[in-house]
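Quick notes on the structure that follows.
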Amino acid sequence: MWAPLNRDEHWIMDMFQLALQLEEPWKLTHIEFSREEQAWHLHLDFEPGSLFACPLCGAECKAYDSDTKHWRHLDFWDWKTFMHARMPRVN
């Protein structure tokens, strides 16, 4: 079962944002904790129209598409941590 954070726990969101050192346009949108898995699930996203560097030439481009990816991050404390993000595709 997923346990979303309540308003009183937004300090956890701030802590994860500092630990991940995200740069624009990336944002931590929400966090969930799975009691069964004993794992954090961190969800990242970006605003529509955000610019990203082309992997070939480095020019800044708008994303024309995205694909959701999931991966395991280093553990936070004794809990597994998983990242979930829309990964942009650029020309």
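The values are calculated or read from the model by the stated rules, or taken from the named source; none is laboratory data. In this text, all values refer to a predicted model and were calculated from it rather than measured experimentally. When we count neighbours, we look across all protein chains shown, and the Cβ atoms used for this are built from the backbone with ideal geometry, even at glycine. Surface accessibility is based on the protein's heavy atoms, side chains included, excluding ligands, DNA and RNA. Shrake-Rupley method; radii C 1.70, N 1.55, O 1.52, S 1.80 Å.
Beta carbons closer than 8 Å, at least 6 apart along the sequence or on distinct chains, pair a first residue in the range 58-83 that is within 19 Å of residue 19 (Cα to Cα) with a second that is charged (D, E, K, R) and surrounded by 12 or more Cβ atoms within 10 Å (Cβ to Cβ) for 72/80; 80/37.
Could you list, in sequence order, all residues of the range 16-36 that are touching a His at 6+ places or on another chain (Cβ under 9 Å) and of a type in the set (S, T, N, Q)?
Those that are touching a His at 6+ places or on another chain (Cβ under 9 Å) and of a type in the set (S, T, N, Q): 29, 34.
If only residues of the range 53-64 that are open to solvent by 60 Å² or more (accessible area, probe 1.4 Å) and either touching a strand residue (DSSP E or B) at 6+ places or on another chain (Cβ under 7 Å) or in a strand (DSSP E or B) (or both) are counted, the one that is farthest from residue 85 (Cα to Cα) is 60. If residue 24 passes every condition in (1) open to solvent by less than 100 Å² (accessible area, probe 1.4 Å); (2) of a type in the set (Asp, Glu); (3) within 16 Å of the chain's Cα centre (by Cα) but one, which one does it miss? The single condition residue 24 does not satisfy is (1). Residue-level analysis places residue 81 outside the set of residues that are open to solvent by 50 Å² or more (accessible area, probe 1.4 Å), hydroxyl-bearing (Ser, Thr, Tyr) and not in a loop (DSSP other than H, G, I, E, B).
Here the range 35-52 is the region considered, the condition is being without any contact (Cβ under 8 Å) to a residue 40 or more places away in the chain and either assigned to a loop (DSSP other than H, G, I, E, B) or open to solvent by 30 Å² or more (accessible area, probe 1.4 Å) (or both), and the residue that is farthest from residue 25 (Cα to Cα) is 36.
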